């Protein structure tokens with residue numbers, strides 16, 4: 001694949017090569033009907049393209065860890081997926097089991113109902129409980145906000161609580177309820193500054209969409225269209 005530049009509409013270079021774009025992508029397969037063969041296939045693709053991680057359901061964590069062992073590709077597993085409304089103790093146990101298996105990154109779903117109810121302490125403690133487990137095991141924690149369900153003020157608050165609780169990233173969405181928007185990514189980046197990461201996820205399927213998210217402040221992209229995007233960037 002040629003190492004040509006991807007450019008925005010004004011012609012400014014965004015990625016020097018498709019390799020650079022690939023390193024920002026979490027190669028994702030979270031469909032409930034995903035099979036063992038499909039999980040192994042995306043792990044193989046992640047190794048070939050050099051994606052940041054493979055993101056699969058918890059039941060496939062051990063398989064993905066084994067398939068990517070010795071590479072620079074991390075295994076990224078959701079916690080409390082997809083609604084985030086399970087007990088904090090359940091999220092903590094799930095995170096602990098996943099870190100033991102070898103997951104290098106965890107994407108935890110925010111408890112949206114508690115946030116919207118004004119239960120700030122609950123939300124922050126919920127995140128902190130998982131962050132402690134993740135960091136003790138050498139893993140990163142991303143917090144999925146499910147931005148389409150939140151007001152602008154709630155999005156900013158969720159970012160602040162996530163940062164305060166020790167999260168490494170805030171993330172737009174699971175992809176099951178709404179998706180990423182440039183406006184939300186820019187708001188999230190404004191809320192956390194350069195102190196933690198911002199992951200855009202949900203409906204990103206083209207290089208142009210990825211570039212727009214990166215320009216808005218995202219430094220990680222969750223997508224099931226990683227190969228297509230990398231090829232578009234490569235020209």
**Request:** Report the antiparallel proportion of the DSSP beta bridges in the chain as a percent, rounded to a multiple of 5.
**Result:** 5
**Prompt:** Distance from the Cα centre of the range 68-125 to that of the range 28-67, in angstrom?
**Reply:** 18
**Request:** For a quick protection proxy, order the peptides 87-94, 200-207 by their average other-Cβ count within 10 Å, most packed first.
**Result:** 200-207, 87-94
**Message:** Checking a compactness column here: for the range 72-166, what do you get for Rg(Cα) / (2.2 N^0.38 Å), N being the number of residues?
**Reply:** 1.01
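Please give the contour-minus-distance gain from residue 182 to residue 85: 0.36 nm per residue of separation, less the Cα-Cα distance, rounded to one decimal in nm. Could you put the intermediate results ahead of the total?
On the way: separation 97, 0.36 × 97 = 34.92 nm, distance 2.65 nm.
Computed gain between residue 182 and residue 85 is 32.3 nm.
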**Request:** Would you compute, from DSSP H runs of 4+ residues alone, the mean residue ellipticity of the chain at 222 nm, taking -39500 (n - 2.57) per run and dividing by the full residue count, rounded to the nearest 500?
**Result:** -13500 deg cm²/dmol
**Message:** So, R0 is 22 Å and r is the distance between the beta-carbons of residue 119 and residue 152; what FRET efficiency does that work out to, to 0.05?
**Reply:** 0.70
**Radius of gyration, Dmax [the range 99-235; alpha carbons; angstrom]** = 14.6, 48
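Can you pull the Kirkwood radius for the range 50-116, inverse mean 1/r over Cα pairs, to one decimal in Å? List each step's numbers first, then the result.
Working: mean 1/r = 0.0811 Å⁻¹.
After inverting the pairwise mean of 1/r, the radius is 12.3 Å.
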**Fill in**
In vacuo Debye sum over C-alpha of the range 18-87, base-10 log of normalised intensity I(q)/I(0) at q = 0.16, 0.17, 0.25 Å⁻¹, listed in q order, is -0.52, -0.57, -1.07
**Complete:** Quick numbers on the chain, Rg and Dmax over C-alpha atoms in Å, give 16.8, 51
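Coordinate-derived values only; no laboratory data. Fair warning: this is a prediction, and the values are worked out from it, not measured in the lab. Neighbour counts are summed over all protein chains in view; Cβ atoms, including those assigned to glycine, are modelled from backbone coordinates with ideal geometry.
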